[in-house]
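Next up is a structure, given as structure tokens.
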Ligand SMILES: [Zn+2]
């Protein structure tokens with residue numbers, strides 16, 4: 001679900017075949033970000049836009065995690081801080097634009113929401129299947145797997161919002177789901193930033209002792 005993903009993923013020691021699978025998952029996530037963001041704009045759906053940002057965040061997280069394999073704690077924590085801050089900005093943007101939409105009369109296109117929500121679910125199920133055989137691997141691999149599963153739950157929430165919009169002919173179900181996602185982005189960003197700063201402090205302590 002929104003902003004849950006892989007912020008503590010470190011892919012040290014993973015096999016080349018697992019790396020190839022991760023690249024495929026990154027490509028799927030990046031493509032779905034573009035599709036879902038475009039659809040969210042077209043359908044005027046906040047929930048679709050929030051779900052799209054989760055795909056972007058995941059693509060960046062996996063990409064960065066692969067890029068910093070074997071790098072120093074300094075580089076890793078800087079990457080984690082960048083991820084946390086970008087997640088914070090995403091959360092603030094989704095929250096702000098969702099609150100703004102509360103005061104704008106309009107009903108999102110439930111049909112587009114439902115179809116694209118289903119495509120997003122298919123993309124996440126594909127990611128789960130790509131990573132499935134590794135689910136009993138180490139904790140990081142496990143977190144990637146759990147994350148894709150949680151994202152699938154988020155996609156179902158988008159489809160339920162579509163159903164709610166269609167049923168009530170109001171934008172409220174869309175705004176409520178988007179608001180929950182924004183909240184998850186924000187809490188997750190605070191956790192990531194806090195954890196990165198803590199790791200950085202610990203590392204500074206070790207260096208001090210050693211020196
Ligand atoms: Zn995610």
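How many residues, within the stretch 72-96, are surrounded by 14 or more Cβ atoms within 10 Å (Cβ to Cβ) and over 26 Å from residue 162 (Cβ atoms)?
13
If we scan the stretch 162-172, do we find a residue that is under 23 Å from residue 77 (Cβ atoms) and more than 19 Å from the chain's Cα centre (by Cα)?
Pass one, the stretch 162-172, residues under 23 Å from residue 77 (Cβ atoms): none.
No - not one qualifying residue is present in the stretch 162-172.
May I ask you to list the residues in the stretch 41-66 that are under 12 Å from residue 94 (Cα atoms) and more than 14 Å from the ligand (Cβ to nearest atom)?
Hits for the stretch 41-66 are 45, 46, 47, 48, 49.
I've got another one for you. Of the conditions (1) under 16 Å from the mean Cα position of the chain (by Cα); (2) modelled with pLDDT under 95, residue 74 clears all except one; give me its number.
For residue 74, the exception is condition (1).
I would also like to ask the following. Where residues in the stretch 97-153 are assigned to a loop (DSSP other than H, G, I, E, B) and surrounded by 15 or more Cβ atoms within 10 Å (Cβ to Cβ), which of them is modelled with the lowest pLDDT?
137
The values are calculated or read from the model by the stated rules, or taken from the named source; none is laboratory data. In this text, all values refer to a predicted model and were calculated from it rather than measured experimentally. Note that each Cβ is placed from the backbone with ideal geometry, even for glycine, and that neighbours are counted across all protein chains shown.
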